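All remarks here apply to the structure that follows.
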Amino acid sequence: MNEMVTIPREEYDRLQAAAEDLADLQTYDRSKAALAAGEDELIPEGFANRLMNGESPLRVYRDLRGLTQAALAEKAGVNRVSIAEIETGRKQGSVASLRALADALGVTLDDLAD
């Protein structure tokens, strides 16, 4: 059945704003829950700025974790030279290598994509 309700524009705008506020609160609650469950993390401003300024995500996350290239290479089972080449942009790295590096850093493969 096709029922129609007519309300004043002011009431419609108020309801629309309330719906947007509710959606924002739900997003906030999901984010807080993901942080509390360890499913997400906060990135300090300096590291976030480096990512936004186009620095190699691999290098930024490696620095964030406090790892040298050699330590990351050992942890991920990837050649240290490959890590250096990916960080400098000389090579992209294979999907398998990037997946191993992402796992070792505790990030997603998408996090390492430029």
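Read-outs throughout are calculated quantities, based only on the coordinates presented, and are distinct from any laboratory measurement. Because the structure is a prediction, the values reported are computed rather than measured. Note that we place each Cβ from the backbone using ideal geometry, even for glycine, and neighbour counts take in every protein chain shown.
Scanning the stretch 24-47 for residues that are of a type in the set (A, V, I, L, M) and either touching a residue at least 12 places away in the same chain (Cβ under 8 Å) or surrounded by 10 or more Cβ atoms within 10 Å (Cβ to Cβ) (or both) yields Leu25, Ala33, Ala34, Leu35, Ile43. Reported count of residues in the stretch 57-106, each being under 16 Å from the mean Cα position of the chain (by Cα) and either among the basic types (Lys, Arg) or buried (at least 18 other Cβ atoms within 10 Å of the Cβ) (or both), is 14. Name the residues in the stretch 42-63 that are closer than 20 Å to Leu98 by Cα and not hydrophobic (A, V, I, L, M, F, W, C), would you? Across the stretch 42-63, the qualifying residues are Arg50, Gly54, Glu55, Ser56, Pro57, Arg59, Tyr61, Arg62, Asp63. Val78 satisfies every condition listed in (1) assigned to a loop (DSSP other than H, G, I, E, B); (2) out of contact with any Leu (no Cβ under 7 Å at 6 or more places or on another chain) except (2).
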